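> First the structure, then my questions, so here it is.
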Amino acid sequence: MLINQNRHISSQKRVLLLFIIASICVVCFMTIGLKGNINYILKHRTWIILTMILVAFSAATSTLLFQTVTNNRILTPSIMGFESLFVLIQTVVIFCIDEQGITYIGIIGRFIFESLLLILFSLFLYRGLFTKLKQNLHLVLLIGIILGTLFRSFSNLLQRLMTPSEFAILQSRIFATFTRAEPMLIIFSLIIACIIGLFLWRMRYQFDVLALGRDNAINLGIDYQKSVTVILLLVSVLVSISTALVGPFTFLGLLIANLAYSISGSSQHRFLLPTAFLLGVIFLIGGQIFLERVLNMIGALSIVIEFIGGLLFIFLLLKKVPM
């Protein structure tokens, strides 16, 4: 009893420490190098901060929930092709609808339309995989990588057939950057993320049961099929938010989720979820500060994160992390 209590206190202190570090990163990003039109700079940096926070929340939450469903610390929505599917949907929309049509439906309308398509496709493709192939997750991983490659190949084919103006619009959306997100889309995404966050926080104890495996979850009274469907739906929405705001990040979720397992000191989702989220905030905001103020922007933050995350993915495969 005393050991468990100490562990809980320890995990709470770790989350608090991460919160303090993340807050320091936010304050430093907002205040360092303030010159000229301070109001404009603060407003611009505020939108960047909100974008990074939304991306950190989406990547951390979607990856942790995805790994909970699959009971596998290697599988992520990005590796399974979710983001490739979202890029394909964006490519098809821009290819099939002219520029005036895209302007007519608006930013929010386009986001909702693309997200609905992603949700329908992902539920159709992946829900069946996790229920029918639950005993062979290596096969699920292989199928996910193949599907992701297929989506990217088809996207590349359509991009070659686009006009220069259509291709320019698409390129501005599929390369990861934190400075191009529209304020209206940020606010809309923030509202959705808050609603999803509150809903998921109420389910945090249910995630602990699902992490025990399908058979154990069913024996403990969990409606497994319904829970998997709900989680995949929410994962699809979170992937849509992250990709629509900054573009695809393949290994960001994998990086912060696996660090959260080690740093949180607990396997309970009430500690894992905030730990992964705060790590994402620290990585994105702290990394951006380091690139801007120390390295003078000699590289892109997305490239650095993808490189480190890719190395971690290879390490986990070679280490044969428990699945």
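The values are calculated or read from the model by the stated rules, or taken from the named source; none is laboratory data. It should be emphasised that the depicted structure is a prediction, and the values quoted were computed from it without experimental measurement. Glycine gets a Cβ as well: all are built from the backbone with ideal geometry, and neighbour counts include every protein chain shown. Calculation scope for accessible area: heavy atoms of the full protein, side chains included, ligands and nucleic acids excluded. Shrake-Rupley method; radii C 1.70, N 1.55, O 1.52, S 1.80 Å.
> Return the residues of region 25-39 that are open to solvent by less than 70 Å² (accessible area, probe 1.4 Å) and under 30 Å from the mean Cα position of the chain (by Cα); say none if nothing qualifies. Can you show your working first?
Residues of region 25-39 that are open to solvent by less than 70 Å² (accessible area, probe 1.4 Å), as a first pass: 25-26, 28-30, 32-34.
Residues satisfying the conditions are CYS25, VAL26, CYS28, PHE29, MET30, ILE32, GLY33.
> Let me ask something else. Inspect region 230-239 for any residue being assigned to a helix (DSSP H, G or I), of a type in the set (S, T, N, Q) and buried (at least 18 other Cβ atoms within 10 Å of the Cβ) and give the result as yes or no.
yes
> (1) farther than 30 Å from ARG152 by Cα; (2) open to solvent by 10 Å² or more (accessible area, probe 1.4 Å): which one isn't true of ALA22, the others all being true?
(2)
Rundown of residues vs (1) modelled with pLDDT under 75; (2) crowded, with 17+ Cβ neighbours inside 10 Å, yes/no style:
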site: LEU120; (1), (2): no, no
site: GLY128; (1), (2): yes, no
site: GLY144; (1), (2): yes, yes
site: GLY148; (1), (2): no, yes
site: LEU157; (1), (2): no, no
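For every residue, the table says whether it meets (1) in a helix (DSSP H, G or I); (2) among the β-branched types (Val, Ile, Thr); (3) modelled with pLDDT of 65 or more.
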{"residue": "MET80", "(1), (2), (3)": "no, no, yes"}
{"residue": "LEU85", "(1), (2), (3)": "yes, no, yes"}
{"residue": "GLN90", "(1), (2), (3)": "yes, no, yes"}
{"residue": "GLY101", "(1), (2), (3)": "yes, no, no"}
{"residue": "PHE111", "(1), (2), (3)": "yes, no, yes"}
{"residue": "LYS134", "(1), (2), (3)": "no, no, no"}
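> A follow-up question, please. Every residue in region 251-262 that is touching a residue at least 24 places away in the same chain (Cβ under 8 Å) and out of contact with any helix residue (DSSP H, G or I) (no Cβ under 6 Å at 6 or more places or on another chain), please.
ASN258, TYR261
> Among PHE249, PHE283, which is among the hydrophobic types (A, V, I, L, M, F, W, C), assigned to a loop (DSSP other than H, G, I, E, B) and closer than 29 Å to ILE107 by Cβ?
Among PHE249, PHE283, only PHE249 is among the hydrophobic types (A, V, I, L, M, F, W, C), assigned to a loop (DSSP other than H, G, I, E, B) and closer than 29 Å to ILE107 by Cβ.
> State all residues of region 166-215 that are modelled with pLDDT under 85, farther than 30 Å from SER266 by Cβ and in a helix (DSSP H, G or I); if no residue qualifies, say none.
GLU166, PHE167, ALA168, ILE169, LEU170, GLN171, SER172, ARG173, ILE174, PRO183, MET184, LEU185, listed by residue number.
For (1) of a type in the set (Ser, Thr, Tyr); (2) under 12 Å from PHE249 (Cα atoms), each residue gets a yes or a no:
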{"residue": "ILE38", "(1), (2)": "no, no"}
{"residue": "LEU42", "(1), (2)": "no, no"}
{"residue": "THR46", "(1), (2)": "yes, no"}
{"residue": "THR51", "(1), (2)": "yes, no"}
{"residue": "SER58", "(1), (2)": "yes, yes"}
{"residue": "THR61", "(1), (2)": "yes, no"}
{"residue": "GLN67", "(1), (2)": "no, no"}
{"residue": "THR76", "(1), (2)": "yes, yes"}
{"residue": "LEU85", "(1), (2)": "no, no"}
